[in-house]
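> Take a look at the following structure, please.
The values are calculated or read from the model by the stated rules, or taken from the named source; none is laboratory data. These numbers come from a predicted model, not from an experiment. Ideal geometry is used to build each Cβ from the backbone, glycine not excepted, and the neighbour counts take in all protein chains shown.
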Amino acid sequence: MALIFMDGMDQYTANTDFPDKWDETHTTVADFKSGGGKFGGGAIRVHGRPYSTAPLGKLIPGIFGQATDPTDTSAASNTLFLTYWAWFNDTSAATNYHVEFRSRSDNGVAAVTIGWASDKVTIYTGTFRSLAATSVGADIATGQWVLVEVALVCGNAGVGSCEVWHDGVSMVSDSAADYAYSNAASIGSVQFGVSATATGTTGGWVDLDDVVIYDDTGTEMNTRIGIGHKIHTLSPTAEGTTNSWTPQSGTDNSAMVDESGGIDTATYVESSTAAQEDLYDVTAMSEVPTEIYGVASNIVCYEAAAGTSPRGITHRVVPVSTDRDATEQFTLPISTYYTRQAIWELNPEDSAEWEVADIDGAEFGFELST
C-alpha cells in the first residue's frame, strides 16, 4: 500500500465537508478551524467520541494484515505509520483517549488506543483498553504544535509493538504486547477523538493538521520520517491540453472545479461518455521542499443517476506529454458527493522523486473510464 492517505485540512470550509474525505465523522465534536492550522491553513479540532461514531475516522482500503503476526504469512508489510501535527490544549485528565487503531477493514473493534493520563502518553490494548505502557519522560507539550508519529506492528503471541514520538523524541513504547484483536492481525481504520466519557467533550481537545497514513512498503515513505512535514494544497488554475467534459456553465472547465475551500456542489463538470478526460494546470508551488514524498490527486465524484451501476473514474497526471493513470476507482451508486484520492510517490514519467518543476509543469485531471 505504501502511502495510504493524506489530508492537509485546507479544502474545508465547514464541519459538513468532513465526510468528503473521512469515512466516520461526528461534526458536533469535530470542528473546522479556518486559518488555525500548523502552517496557517485549516485544522480540525476533535473532542471525545460520542455514542458509537468517532469525530474523525478513516478506513484503510482492504485488510491491513502485518507479516510479524505468525498466523498471517501472506501479509506484505510489517509496520503501519501515522504522522500528524497536534495541538493539545489540556492533558491533565486522569484518562483520555485520542487515537485508536481498529481491527479489520469493516471498522471492527479496538486493537490499539493511544491517549494520555495525567499529562503522560499512554498505550492501551484491546477493546477494554488495557494499559500497556505509560511515558516516563517529559510531559505532553500543550498550547503549541507538536509533531506526533506512531509506528505500529500488529501481531499476536507477544510480537506486536507500538511506539509514539513527539517532535522526534520517543515518548512511550511497548514491544511485547498482543496488538491483534481475537487473533485477527489486521488494522482496518484509524480514528481520532476517542474518549473515556460518553459526553465526548470533556478531558481536553486536540487540533489536527496534515495527517498522513502509510506503511513500510513504499518507495519514498517506508520508515518513520523523523522530521516535520507539510502538505501543500494546490487547485486548478487553467485549462489543460484536453477538456472533454461539459462545464455546468460557460466554457471554462477549470473555473468549475477550482475551489480552494470546501466542496462546492454548485459548479461542476460532467460526462457520461467513457474515455472522456479533463486536464488542468494547477497552482504553482510556493516554496521548495527539502524532499517531496508523494503527490496526491483528489477528485469529488457524484453519480446523478442514483441506483445505477457505479461509473469508473481514473485519476490522471501528465508530467510531460504522456498520460499516466492511477488505479481505476468508482463513483457511488447513490446521489452523494465523495472524494477519491490517488497517490503517486514517484513521478510516473521517470520513476524518480518528484521535484517542484515536475509538479509545476504537470497537468492533473481524470478520465471517465467505464
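> When the range 165-179 is examined, which residues are found to be in contact (Cβ under 8 Å) with a residue 24 or more places away in the chain and closer than 19 Å to Ser103 by Cα?
Residues satisfying the conditions are Asp174, Ala177, Asp178, Tyr179.
> Give Thr290, Thr246 a once-over and let me know the one that is modelled with pLDDT under 90 and farther than 20 Å from Pro319 by Cβ. Even if it seems obvious, please write down each step before you answer.
Details: Thr246 fails: modelled with pLDDT under 90.
Step by step, each of Thr290, Thr246 is checked, and only Thr290 is modelled with pLDDT under 90 and farther than 20 Å from Pro319 by Cβ.
> Could you say whether any residue in the range 65-74 is modelled with pLDDT of 80 or more, under 21 Å from Ile123 (Cα atoms) and in a loop (DSSP other than H, G, I, E, B)?
The answer is no, given that none of the residues of the range 65-74 is modelled with pLDDT of 80 or more, under 21 Å from Ile123 (Cα atoms) and in a loop (DSSP other than H, G, I, E, B).
> Another question, then. Restricting the search to the range 159-168, which residues are touching a Ser or Thr at 6+ places or on another chain (Cβ under 9 Å) and assigned to a loop (DSSP other than H, G, I, E, B)?
Val159
> Any residue at all in the range 36-54 that is under 15 Å from Asp209 (Cβ atoms), modelled with pLDDT under 85, not hydrophobic (A, V, I, L, M, F, W, C) and not assigned by TED's automatic domain parsing to the domain that holds Gln329?
There is no residue in the range 36-54 that is under 15 Å from Asp209 (Cβ atoms), modelled with pLDDT under 85, not hydrophobic (A, V, I, L, M, F, W, C) and not assigned by TED's automatic domain parsing to the domain that holds Gln329.
> May I pose another question? So which of Val164, Val169, Val153, Val146 ends up being surrounded by 21 or more Cβ atoms within 10 Å (Cβ to Cβ), of a type in the set (A, V, I, L, M) and modelled with pLDDT of 90 or more?
After applying the criteria, what remains is Val164.
> Could you check, for the range 341-356, whether at least one of its residues is touching a residue at least 12 places away in the same chain (Cβ under 8 Å), small (Gly, Ala, Ser), under 30 Å from Glu24 (Cβ atoms) and surrounded by fewer than 16 Cβ atoms within 10 Å (Cβ to Cβ)?
No; the residues of the range 341-356 include none that is touching a residue at least 12 places away in the same chain (Cβ under 8 Å), small (Gly, Ala, Ser), under 30 Å from Glu24 (Cβ atoms) and surrounded by fewer than 16 Cβ atoms within 10 Å (Cβ to Cβ).
> Still on this structure: Report yes if some residue within the range 263-279 is over 26 Å from Pro348 (Cα atoms), in contact (Cβ under 8 Å) with a residue 60 or more places away in the chain and buried (at least 17 other Cβ atoms within 10 Å of the Cβ); otherwise report no.
Yes, because at least one residue in the range 263-279 is over 26 Å from Pro348 (Cα atoms), in contact (Cβ under 8 Å) with a residue 60 or more places away in the chain and buried (at least 17 other Cβ atoms within 10 Å of the Cβ).
> Could you grab me the full set of residues in the range 249-281 that are of a type in the set (A, V, I, L, M), in a loop (DSSP other than H, G, I, E, B) and either farther than 24 Å from Ser369 by Cβ or at pLDDT 95 or above (or both)?
Residues of the range 249-281 that are of a type in the set (A, V, I, L, M), as a first pass: 255-257, 263, 266, 269, 274-275, 279.
Now restrict to residues that are in a loop (DSSP other than H, G, I, E, B): 257, 263, 266, 274-275.
Hit for the range 249-281 is Ala266, nothing else.
> Let me ask something else about it. Based on this model, can you work out whether Thr83 counts as of a type in the set (S, T, N, Q) and either at pLDDT 85 or above or in contact with a helix residue (DSSP H, G or I) (Cβ under 8 Å, 6 or more places away or on another chain) (or both)?
Judged against the criteria, Thr83 is a match.
> Consider the range 98-127. How many of its residues are more than 16 Å from Val172 (Cα to Cα) and modelled with pLDDT of 90 or more?
0
> For the range 331-340, give me each residue that is of a type outside the set (A, V, I, L, M) and surrounded by fewer than 16 Cβ atoms within 10 Å (Cβ to Cβ).
Pro333, Ser335, Thr336
> Related question: Of a type outside the set (Ser, Thr, Tyr) and at pLDDT 85 or above: does that describe Met1?
Judged against the criteria, Met1 is not a match.
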